[in-house]
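Inspection log for the structure reproduced underneath, given as structure tokens.
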Amino acid sequence: MEAVQIDYELETPLDQMPALTPFETGTDLLHLLAITADLEQFRDAKARKVDWRVHSVSGTSAALRSISEPDVASRAALSLVRGFNEAEETEQLPRGWNLRVGQRAARVASRLGDDDNTGLRLSVHGPDDVRAHVTRRAGRHLKSATDLRITSYGSVVGVLGRVTAKGKQRTAALWSDLTGRRIDVRFGEQHVEEMRNAWAHSHVEVTGVLHENVSGQVLRVNLDSLRVLDRERVNLSEALPHGFYPEMTGGLGAREYLRLVRGEG
Amino acid sequence: MAKAEPKKVAIDSGLLIARITGDRPEHAPGIATLFHEADSQKVKLFGSTLLFPEVLGGGYDDPVDPAKENAIFRVLDNPSVITMVQVTRQVAVLARDLRRELHLKTADATHLASAVFAGVDMFMTIDENDFTIGSTVRGVEIALPGSALGEDALPLIGPG
């Protein structure tokens with residue numbers, strides 16, 4: 001697989017944004033790429049690190065080119081650029097990103113201009129050609145998306161990604177069955193072994209304090225308990241054949257039974 | 001050719017109860033078609049966690065058959081069969097809106113809100129009195145089971 005290249009160009013006039021240079025933007029992008037590369041390897045026990053090199057700099061534009069692990073580099077770059085595209089459109093955290101990427105990307109985008117002529121142009125060249133035009137709007141959206149202002153108690157069902165337990169940092173990634181999005185799970189020392197054992201299973205239910213943004217995305221769970229769910233594929237037609245338990249309702253029709261169960265009878 | 005994404009279909013309690021008990025036989029072929037589509041992974045099923053207390057909440061059989069109840073519970077509790085939509089704060093707020101807007105009962109509004117929240121294509125019910133079949137609510141089509149699930153849908157089949 002060939003090296004992956006990301007071109008970026010700052011459209012924001014430098015006199016309006018004196019703190020922003022292609023070099024600083026490149027540094028920010030490298031940080032973001034390091035995180036998205038890690039996130040893209042969520043099921044691997046140990047993540048491979050991608051090295052990037054600044055390939056060319058001219059005026060307000062530059063390019064970053066991967067010099068190792070091209071497959072991971074490609075996924076990381078596509079995640080980053082597609083994520084910025086999503087962030088321009090909605091106040092939701094982009095698919096595949098975690099809070100850390102969202103917060104850092106918010107800082108990058110917040111320093112850009114606010115209209116179509118003063119943003120940051122990003123493009124990935126490789127097997128997939130993807131472009132993004134990032135403005136301060138993405139910064140506002142990401143700031144809102146990473147503000148976990150709503151808490152509730154509940155559970156999320158999904159598939160666990162990498163489980164990390166280093167000192168006080170005990171986290172895992174959970175891919176929600178419902179939304180297909182990544183959720184950070186934080187857990188206590190007493191759950192370390194349980195989490196590691198659960199990793200091999202296809203579906204788990206994580207119960208605890210749910211932290212969500214104003215768009216209703218649950219992005220973090222502080223775990224209280226964990227349950228491994230049945231992963232056996234069941235044939236529904238055979239498991240629940242037509243009329244296999246007519247006595248369940250005590251002779252009532254479906255409508256009457258429901259009315260009674262709901263306390264409407 | 002890339003495999004087509006499965007259609008997302010949410011179901012409510014009445015549909016499942018009719019399947020289990022054999023009530024409302026006019027809908028049996030449609031429900032059978034839906035289940036076959038789910039088994040062949042052309043359809044991905046969703047349902048509110050309300051299905052647990054509503055479908056299994058009666059206990060009116062005397063005595064209750066634990067093996068049959070367990071079979072139903074295992075289906076509802078298996079994410080490879082049905083993705084449960086929890087009644088979270090956002091679902092509850094949406095249910096409030098839908099209850100007012102469509103004059104639904106709280107439970108019906110909660111089932112529909114769960115379907116909307118999950119972003120399904122269709123919400124299938126046999127409750128023609130409380131829901132307007134054929135209408136679309138927040139992008140979700142309300143339909144009777146067996147309604148066309150797309151070009152690849154199987155023809156209606158018997159109740160088996």
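The values are calculated or read from the model by the stated rules, or taken from the named source; none is laboratory data. Since we're looking at a predicted model, the values are computed, not measured. Glycine gets a Cβ as well: all are built from the backbone with ideal geometry, and neighbour counts include every protein chain shown. For the accessible areas, the whole protein counts, side chains as well, though only heavy atoms, and no ligand, DNA or RNA atoms are used. Shrake-Rupley method; radii C 1.70, N 1.55, O 1.52, S 1.80 Å.
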| said: Suppose the filter is among the charged types (D, E, K, R) and closer than 19 Å to A:G263 by Cα; does B:D39 pass it? | reply: no
| task | Just give me the residues in segment A:81-110 being hydrophobic (A, V, I, L, M, F, W, C) and touching a residue at least 60 places away in the same chain (Cβ under 8 Å), in sequence order. | result | A:V81, A:L93, A:W97, A:L99, A:V101, A:A105, A:V108
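Here is a yes/no grid of residues against (1) at pLDDT 90 or above; (2) under 22 Å from the mean Cα position of the chain (by Cα):
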| residue | (1), (2) |
| --- | --- |
| A:R181 | no, yes |
| A:N197 | no, no |
| A:S202 | no, yes |
| A:G208 | yes, yes |
| A:N213 | yes, yes |
| A:V218 | yes, yes |
| A:S225 | yes, no |
| A:E232 | no, no |
| A:N235 | yes, no |
| note | Apart from one, (1) more than 13 Å from A:L236 (Cα to Cα); (2) at the interface with another protein chain (Cβ under 8 Å from one of its Cβ atoms); (3) surrounded by fewer than 21 Cβ atoms within 10 Å (Cβ to Cβ) all hold for B:D39; the odd one out is (1)
| Subset of segment B:69-116 [open to solvent by less than 30 Å² (accessible area, probe 1.4 Å), hydroxyl-bearing (S, T, Y) and more than 7 Å from chain A (Cβ to nearest Cβ)] | B:T110, B:S114
| request: Please enumerate the residues belonging to segment B:17-31 that are open to solvent by 10 Å² or more (accessible area, probe 1.4 Å) and either of a type in the set (S, T, Y) or on the phi < 0 side of the Ramachandran plot (or both). | output: B:T21, B:D23, B:P25, B:E26, B:H27, B:P29
| query | Inside segment A:192-219, can you point out the residues that are surrounded by 20 or more Cβ atoms within 10 Å (Cβ to Cβ) and over 21 Å from B:P79 (Cβ atoms)? | reply | A:H211, A:N213
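Give segment B:99-109 a look and list any residue that's over 21 Å from B:R19 (Cα atoms) and either charged (D, E, K, R) or in contact (Cβ under 8 Å) with a residue 24 or more places away in the chain (or both), or say none. Give the steps one after another, and end with the answer.
Our first condition is that a residue be over 21 Å from B:R19 (Cα atoms); within segment B:99-109, this holds for B:99-106, B:109.
If the condition is that a residue be over 21 Å from B:R19 (Cα atoms) and either charged (D, E, K, R) or in contact (Cβ under 8 Å) with a residue 24 or more places away in the chain (or both), then B:R99, B:R100, B:E101, B:L102, B:L104, B:K105 are the ones that fit.
On the basis of being buried (at least 17 other Cβ atoms within 10 Å of the Cβ), within 30 Å of A:D7 (Cα to Cα) and within 14 Å of chain B (Cβ to nearest Cβ), does A:R136 make the cut? Before the answer, list the steps.
On the way: buried (at least 17 other Cβ atoms within 10 Å of the Cβ): yes; within 30 Å of A:D7 (Cα to Cα): yes; within 14 Å of chain B (Cβ to nearest Cβ): no.
No: the conditions fail for A:R136.
Return the only residue of A:E205, A:E247, A:E232 being within 11 Å of another protein chain (Cβ to nearest Cβ) and part of a helix (DSSP H, G or I). Steps first, please.
Numbers: A:E205 fails: part of a helix (DSSP H, G or I); A:E232 fails: part of a helix (DSSP H, G or I).
Selected residue: A:E247, the only one of A:E205, A:E247, A:E232 that is within 11 Å of another protein chain (Cβ to nearest Cβ) and part of a helix (DSSP H, G or I).
Would you check which residues across segment A:22-51 are more than 22 Å from A:V163 (Cα to Cα) and in contact (Cβ under 8 Å) with a residue 40 or more places away in the chain and list them? Talk me through it step by step, then tell me what you get.
The first filter runs over segment A:22-51 and keeps only residues more than 22 Å from A:V163 (Cα to Cα), leaving A:22-30, A:51.
Correct list: A:P22, A:T25, A:D28, A:L29.
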| query | Which of the residues that make up segment B:97-120 are among the small types (G, A, S) and farther than 20 Å from A:R262 by Cβ? | reply | B:A118, B:G119
| Verdict on A:R131 being basic (K, R), part of a strand (DSSP E or B), within 20 Å of A:T60 (Cβ to Cβ) and open to solvent by 30 Å² or more (accessible area, probe 1.4 Å) | yes
| Index of the failed condition, B:E26 passing every other in (1) at pLDDT 95 or above; (2) closer than 20 Å to A:L178 by Cβ; (3) more than 8 Å from chain A (Cβ to nearest Cβ) | (2)
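Name the residue, out of A:A47, A:A19, A:A62, A:A76, that is closer than 30 Å to A:N197 by Cβ and modelled with pLDDT under 90. Outline the logic, then answer.
On the way: A:A19 fails: closer than 30 Å to A:N197 by Cβ; A:A62 fails: closer than 30 Å to A:N197 by Cβ; A:A76 fails: modelled with pLDDT under 90.
Answer to the check: A:A47.
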| So, in segment B:4-23, of the ones that are farther than 14 Å from A:T249 by Cβ and in a loop (DSSP other than H, G, I, E, B), which residue ends up farthest from the other protein chains (Cβ to nearest Cβ)? | B:A4
| remark: Expected output for segment A:155-177 (first residue more than 14 Å from chain B (Cβ to nearest Cβ) and more than 25 Å from B:T88 (Cβ to Cβ), partner of a type in the set (F, W, Y) and open to solvent by 30 Å² or more (accessible area, probe 1.4 Å), Cβ below 7 Å, 6+ apart or cross-chain) is A:R162/A:F42
| If you go through segment A:58-87 one residue at a time, how many are open to solvent by 10 Å² or more (accessible area, probe 1.4 Å) and in a helix (DSSP H, G or I)? | 9
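Considering each of A:L260, A:L219, A:L223, A:L252 in turn, give the residue that is at the interface with chain B (Cβ under 8 Å from one of its Cβ atoms) and not in a loop (DSSP other than H, G, I, E, B).
Values: A:L219 fails: at the interface with chain B (Cβ under 8 Å from one of its Cβ atoms); A:L223 fails: at the interface with chain B (Cβ under 8 Å from one of its Cβ atoms); A:L252 fails: not in a loop (DSSP other than H, G, I, E, B).
It is A:L260.
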